[in-house]
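*Asks:* Below you will find the structure I want to go over with you.
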Amino acid sequence: AQKITQTQPGMFVQEKEAVTLDCTYDTSDPSYGLFWYKQPSSGEMIFLIYQGSYDQQNATEGRYSLNFQKARKSANLVISASQLGDSAMYFCAGGGATNKLIFGTGTLLAVQP
Amino acid sequence: KAGVTQTPRYLIKTRGQQVTLSCSPISGHRSVSWYQQTPGQGLQFLFEYFSETQRNKGNFPGRFSGRQFSNSRSEMNVSTLELGDSALYLCASSLAYGSGRPSDTQYFGPGTRLTVL
């Protein structure tokens, strides 16, 4: 079974600075994917970035990048040049052989002006 | 392309009633998954449908059921509602799953916020 661990319940970052949100995973599936989602106070889960287990390079998507270290089983999200609109809950999730996503407990990010 | 839509967005029911939530996936997506989100338990997987067949089920009582239609639209039903069923119910769709590729990405709808009184 998969397990996703997010150890930072909350974080503060100054506007325009970069921030790293931690995620570690544990899975027995040989083929898996790691996902990051953003959930604003409205509740909608917004997909940010994906990293596949076979990917050789770290995923990037605009201001979002993933620091994927397979040996350490970590998939940390890096948000560059933080904006006020980035304030939200961020979830790391893992998917394997089935379409059942396992979510971490989330990190609440507050961007300060 | 239109995103995942869920109806209704908000629902208030009383204990013992039943409720049906609806989800329309992104066009072309055949996999639909349902999740329950509560402050205490976080995000938990309910079940997943692919081509009208339930492929996976989470650890929820039989009061929670679902189905998928031939057009990939899905419904979930909760019978004999309990106070603990109050939650945000999220539906997600994906093109594929288990491939280890970006097509496995699940895209979520806005959710249905259910309150049980």
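The values are calculated or read from the model by the stated rules, or taken from the named source; none is laboratory data. Just so it is clear, the structure is predicted and the values come from calculations on it, not from any experiment. Cβ: placed from backbone, ideal geometry, glycine included. Neighbour counts: every protein chain shown.
*Asks:* If you scan region B:64-88, which residues turn out to be in contact with a Gly (Cβ under 8 Å, 6 or more places away or on another chain), in contact (Cβ under 8 Å) with a residue 60 or more places away in the chain and in a strand (DSSP E or B)?
*Replies:* Pass one, region B:64-88, residues in contact with a Gly (Cβ under 8 Å, 6 or more places away or on another chain): B:74-77, B:80-81, B:88.
Checking the rest, the ones that are also in contact (Cβ under 8 Å) with a residue 60 or more places away in the chain come to B:80-81.
Within region B:64-88, none qualify.
*Asks:* Another question, if that's okay. Among the residues of region A:68-75, is there at least one that is surrounded by 15 or more Cβ atoms within 10 Å (Cβ to Cβ), modelled with pLDDT under 95, away from every other protein chain (no Cβ under 12 Å) and not in a strand (DSSP E or B)?
*Replies:* Yes; the residues of region A:68-75 include at least one that is surrounded by 15 or more Cβ atoms within 10 Å (Cβ to Cβ), modelled with pLDDT under 95, away from every other protein chain (no Cβ under 12 Å) and not in a strand (DSSP E or B).
*Asks:* Go through the residues of region A:86-95 one by one and say whether even a single one is under 19 Å from residue A:7 (Cα atoms), outside any loop (DSSP other than H, G, I, E, B) and among the polar types (S, T, N, Q).
*Replies:* For region A:86-95, residues under 19 Å from residue A:7 (Cα atoms), outside any loop (DSSP other than H, G, I, E, B) and among the polar types (S, T, N, Q): absent.
*Asks:* Just one of A:14, A:57 is more than 10 Å from chain B (Cβ to nearest Cβ) and at pLDDT below 95; which is it? Explain how you work it out, then say what you get.
*Replies:* Details: A:14 fails: at pLDDT below 95.
Step by step, each of A:14, A:57 is checked, and only A:57 is more than 10 Å from chain B (Cβ to nearest Cβ) and at pLDDT below 95.
*Asks:* Same structure again: If only one of B:61, B:39, B:110 is in contact (Cβ under 8 Å) with a residue 12 or more places away in the chain and not small (Gly, Ala, Ser), which one is it?
*Replies:* B:110
*Asks:* Another question about this same structure. One residue is enough: does region B:69-82 have a residue meeting the conditions more than 15 Å from the chain's Cα centre (by Cα), surrounded by 19 or more Cβ atoms within 10 Å (Cβ to Cβ), at pLDDT 95 or above and over 20 Å from residue A:4 (Cα atoms)?
*Replies:* Yes, there is a match, as at least one residue in region B:69-82 is more than 15 Å from the chain's Cα centre (by Cα), surrounded by 19 or more Cβ atoms within 10 Å (Cβ to Cβ), at pLDDT 95 or above and over 20 Å from residue A:4 (Cα atoms).
*Asks:* For region B:19-50, which residues satisfy the criterion of being touching a Cys at 6+ places or on another chain (Cβ under 9 Å) and either more than 8 Å from chain A (Cβ to nearest Cβ) or surrounded by fewer than 22 Cβ atoms within 10 Å (Cβ to Cβ) (or both)? Don't jump to the end; show me each part of the working.
*Replies:* Here is the first cut: in region B:19-50, the residues touching a Cys at 6+ places or on another chain (Cβ under 9 Å) are B:21-25, B:32-35.
B:21, B:22, B:23, B:24, B:25, B:32, B:34 - these are the residues of region B:19-50 that are touching a Cys at 6+ places or on another chain (Cβ under 9 Å) and either more than 8 Å from chain A (Cβ to nearest Cβ) or surrounded by fewer than 22 Cβ atoms within 10 Å (Cβ to Cβ) (or both).
*Asks:* Could I ask something else about it? With respect to the numbered conditions (1) in contact with a helix residue (DSSP H, G or I) (Cβ under 9 Å, 6 or more places away or on another chain); (2) modelled with pLDDT of 95 or more; (3) within 14 Å of chain B (Cβ to nearest Cβ); (4) crowded, with 16+ Cβ neighbours inside 10 Å, which one is the sole condition not fulfilled by residue A:52?
*Replies:* Condition (2) is where residue A:52 drops out.
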